[in-house]
1. If r is the Cβ-Cβ distance from Leu106 to Gln130 and R0 is 22 Å, what FRET efficiency results, to the nearest 0.05?
2. Output the peptides 192-200, 64-72 sorted from most to least packed, where packing is the average of other Cβ atoms within 10 Å over each peptide's residues.
3. What order do you get for 167-174, 75-82 when each peptide is scored by the mean count of other beta carbon atoms within 10 Å, highest first?
4. Quick one: go through segment 148-192 and flag any residue whose amide nitrogen is under 15 Å from the point 7 Å out along the Cα-to-Cβ line of Glu113.
5. Applying a 10 Å radius around every beta-carbon, put 83-93, 278-288 in order of their mean neighbour count, most first.
6. What helices in the chain pass both tests, a Cα length along the helix axis of 20 Å or more and a mean Kyte hydropathy of -0.5 or higher, using whole DSSP H runs?
7. Using a Debye calculation, one point per C-alpha and no hydration shell, please list log10 I(q)/I(0) for the chain at q = 0.07, 0.12 Å⁻¹ in order.
8. For segment 228-288, rounded, prolate or oblate, judged on the Cα gyration tensor with a ≥ b ≥ c (square roots of eigenvalues), a/c < 1.5 rounded, else prolate if a/b > b/c?
Amino acid sequence: MNAPPAIAISGLNKRYGKFHACRDISFELGQGQVLGLLGPNGAGKTTIIKSIVGLVHPDSGSIRVFGQDALENRAEALRHVGAVVEAPVFYGFLSARDNLESLARLSGPVSRERLDEVLAVVGLADNANQKVDTFSYGMKQRLGIAQSLLPDNRLLILDEPTNGLDPHGILGIRLLIRKLSQEHGITILVSSHLLSEIEEIAEQVLIIHQGRCILHGITRELLAHGSLIFVRCRGLEALPSLPLPPLRAERNEAGEWELEFADDAIALSAQLPQLLAAGATLLELSPRRQTLEELFIALTKDTQDAASDRFGV
Ligand code: ATP
């Protein structure tokens, strides 16, 4: 029998008073995969996350976690789920290991070996006996993830885990998420504003905008869809007419032509000879993959326009 998805959400709706924060959200996340939840501020990401972990009760829809109904039978469904929803809070006067032990005790005893194992997984093995008061912000984030791995959780839900981290801290969390998923087979749902991070770590991406899902799919496929071929050439006053006109044609400050063609090598090979015959010298020919950021900005443009109006930029 196939393993059930780690998360299966269908038709999720949540209103706060008259405000519709989540509208008909549906998605599945297979076991061992990483899903990046993206959206502008106030899009509804935390509401989805809180609905999964039982901090918010949705108005309608279903949430199944490892095949169990999380709305009907929350304790059972969330038995192997760890979450870091807000900045993790620890006792500063206790060591990292003692903090984990005291927090883990709430849900049952955890062996010292397991405590040390999760500290090692998040790169804090050498800091196990250090007081948390002396930890950097990034170390506390890692300790939060260590805590969410206890006792033997298989699904992690991380709400903006890189918030407030410096570039090294961000890289550290990226590597940790990759390691947890690839080496430990842990399923991860991660929300973030850092699109380049999500692009690197998440197989699947779900973009939420004003409570609705506006894009969901395999990251690689979504980005491949918008690929282009970039051509830069000089020596032309005007462009010759081409069988397939470029998607974009502009002259840069150096007077060179910058052209973007749809990613179709066969069509392009019919165009290049015409450019060269018209006197062009080819300076660059390179594939250009659309970034998640470009895709995100295009899809959530009305939010950007509102921000531009607001800040006069
Ligand atoms: P951010 O990226 O800023 O954290 P988000 O995508 O996580 O945003 P949510 O926190 O889910 O967004 O909030 C979605 C909308 O619901 C926002 O407009 C927010 O103001 C509203 N909202 C969230 N919680 C409540 C609440 N308890 N009562 C009323 N409105 C709420």
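The values are calculated or read from the model by the stated rules, or taken from the named source; none is laboratory data. The structure presented is a predicted model; accordingly, all values stated were derived computationally and were not measured. Glycine gets a Cβ as well: all are built from the backbone with ideal geometry, and neighbour counts include every protein chain shown. What goes into the accessible areas is simple: the full protein's heavy atoms, side chains included, and nothing from ligands, DNA or RNA. Shrake-Rupley method; radii C 1.70, N 1.55, O 1.52, S 1.80 Å.
1. That pair, Leu106 with Gln130, gives E of 0.45.
2. So the order, starting with the most tightly packed, is 192-200, 64-72.
3. 75-82, 167-174
4. Output list for this probe position: 152.
5. My ranking of the peptides, most packed first, is 83-93, 278-288.
6. Long hydrophobic helices here: 167-182.
7. For the chain, the Cα-only Debye profile gives -0.38, -0.88.
8. oblate
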